[in-house]
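The values are calculated or read from the model by the stated rules, or taken from the named source; none is laboratory data. Treat the numbers as computed from the prediction; the structure is a model and nothing was measured. Neighbour counts are summed over all protein chains in view; Cβ atoms, including those assigned to glycine, are modelled from backbone coordinates with ideal geometry. SASA here: full protein model, heavy atoms, side chains in, ligands and nucleic acids out. Shrake-Rupley method; radii C 1.70, N 1.55, O 1.52, S 1.80 Å.
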Amino acid sequence: MPGFLENCERYFGSSDLYTVLGVRRTAGEAEVRRGYRKTSLKVHPDRVSEEEKDEATLKFQILGKVYSVLCDQEQRAVYDEQGIVDEESDAISQDRNWEEYWRLLFKKITVEDIQAYEDKYIGSDEERADIIQAYTDFEGDMDSIMDSVIFADIDNEPRIREIIQKAIKKKEVPTYDDYVKEPKKKRDRRRKRAAEEAQEAEEMKKELGLDDEQDDLKALIQRKQKDREKDLDGFMAQLEAKYCNNPKKGGKKTTGAKKGKK
């Protein structure tokens, strides 16, 4: 019978747990959660045909176990150092209802929840910390910063730049050439893309017949999904990572199958 990592290779094309979730090896808990949700949505048993349901269910179970391993500090540390997981740990071997577990992690968020969160987030210390973190993570690349920070759009770019400039001046962060020497053509492309996304959002609003109360918020979400490989599910996952409680940790054992190399 194939082991856990062998099943990762078979059903997701890699035995590397980070590759399976599409996240960096340095990913924090929020990024791991987002990767898990985005990947699991593609194979969620409720979202495939009857013919695909059995395989989707198996993939869904594997993803839940991948997430459990990477969320357990001890198991993840051993996996990172030795490339092994404990196939007898609770995270791998327990008979869990993964669909119920998934719904527990990702509670439904309403449009009103998002609007309230946006009102609270914009201009907050949390937003500033996210901007500074994104600036550091992406070494000053504004395209990536704007894609990464929740609710960031072209209208907010001058304010976001001001936050970064103040942090640089205070020597809280280094000065990156990608930021201070960004070509005008790159900025112009970003503005052009934003204008195109706004136009597409307007057209989509008309097609969907959205009402006035939800127009702006829906358009914002739709803009997030265009040309940034951030669909609605990916954007919502960012918010859910902030709304939801941390999951329970899995088992602590640390021996098992050998990890395949990239």
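Put simply, the amide H of VAL85, placed in the peptide plane, has neighbours under 5 Å in GLY256, ALA257, leaving out anything fewer than 5 places away on its chain.
Taken per residue, the accessible surface of segment 1-62 reaches 52 Å², heavy atoms only and a 1.4 Å probe. For the peptides 4-11, 117-124, residues were scored by their other Cβ atoms within 10 Å and the scores averaged per peptide; the highest-first order is 4-11, 117-124. Please work out the FRET efficiency for the pair GLN133 and GLN82, using the Cβ-Cβ distance as r and a Förster radius of 25 Å; give the result to the nearest 0.05. Rounded to the nearest 0.05, the efficiency is 0.25. Taking θ as phi - 60° and the Karplus parameters 6.51, -1.76 and 1.60, the scalar couplings of segment 135-151 work out to 4, 6, 4, 9, 6, x, 6, 5, 4, 5, 4, 5, 6, 8, 7, 4, 6 Hz in sequence order, x denoting glycine and proline. For SER14, the residues 5 or more places off, or on other chains, whose built amide H falls under 5 Å of its own are GLU9.
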